[in-house]
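Following: one structure in structure tokens, then a few remarks.
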């Protein structure tokens, strides 16, 4: 089986590693350079997109922001999964909101802004405080604003107007500010036959809008809510592959914040913490193979490595610590890799995280140190 991945970043890399034992070959199309590359070595395969499509049995994607002309070519081949509809929903907040409403899934009150009059209506409809997000292109906290007081409206509108004017079909989605207790996410897979397998919920901690820590949790009430919402969204899309839903936990009630039609950063813990990792299950789903077990086999926390290309060797010497590098050039704030920390029980996991905080720099891993200081 040969799978072509649109995108040549770390997610394609980890799909390749997961696919090798199943004899699934992965090639990647680098959308930026418009070249077909090996997802691990990044060496060019010498093919163009059309040739790569002909050679592939299945085409999938590692990110949502794919040019529409490329999506159209892949869709025309009849090989693309999950679907262009799903990818567009993950890349455009307007489509995402309509999808959630249509699936009957709870999400924050919102209003779409295309001009200043819309902004004034949004303030009336949504209320203040509100969160404002670019409809296209926003990720890891980028393209977002927070209106805490109506007196800030003119200044924020100036920035948003520039954002809208900077690209075609851009808009801003205003959302009510949700006073949530924590952020959680659910990663799951849906097969071609409609079968669904979901992983345990993960509790997520962000730093400056970027995921820092993600820990598998056991909360049966929230898990059932999340699975129902996941199934509603996945079924409405006739989804095939791995899908992630990010939620706000508001006193035990979940509201969907975002969806991601792909393998997801908050699911990296599954590489060591679950019977079958998210990358393997994505490949199983799109290749029409039976889904693997999503059972938690050990308590696990994922720690993102941001902007650092080395960590102390002491980390490798710690039992239960597994390092995954992405082979990227160092850049401030860039996702360079992650560490999965595992233990047989919660108490042991907390102890290991505290030990890890002693050897990792506080400036580079603030969320880990905040956890250690509270423990």
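Here, each number is a calculation from the coordinates, and none is a lab measurement. Source: prediction; values computed, not measured. Neighbour counts are summed over all protein chains in view; Cβ atoms, including those assigned to glycine, are modelled from backbone coordinates with ideal geometry.
A few points about this structure:
- Dividing the helix sum by the residues of the chain, where each DSSP H run of 4 or more adds -39500 (n - 2.57), gives a mean residue ellipticity at 222 nm of -10000 deg cm²/dmol.
- Sites residue 345 and residue 193 - FRET efficiency at Förster radius 41 Å, r taken between beta-carbons, to 0.05: 0.70
- Over region 182-374 - Rg/Rh using Cα atoms and the Kirkwood inverse-distance radius: 0.97
- In the set [x] 155; [y] 127; [z] 143, the label that goes with volume of the Cα convex hull per residue in Å³ computed for this structure is [z].
- Global size of region 140-235: 18.0, 53 Å for Rg and Dmax (C-alpha atoms, Rg to one decimal, Dmax whole).
- Taking N as its residue count, the alpha carbon Rg of region 109-176 over 2.2 N^0.38 Å: 0.98
- Pairs of alpha carbons in region 2-80 whose separation is greater than 22 Å (percent): 12 percent
- Spin-label model, residue 161 to residue 48: label points 7 Å out along the Cα-to-beta-carbon direction sit 4.4 nm apart.
- If R0 is taken as 25 Å, the Cβ-Cβ distance between residue 117 and residue 178 corresponds to a FRET efficiency of 0.50.
- Percent of Cα pairs in region 22-160 per distance bin of 10 Å, from zero to the largest separation: 10, 31, 25, 18, 13, 3.
- When Rg and the Kirkwood radius Rh are both evaluated on Cα atoms of region 336-375, their ratio Rg/Rh stands at 0.96.
- Counting DSSP beta bridges with both ends in region 1-105, the antiparallel % (nearest 5): 30 percent
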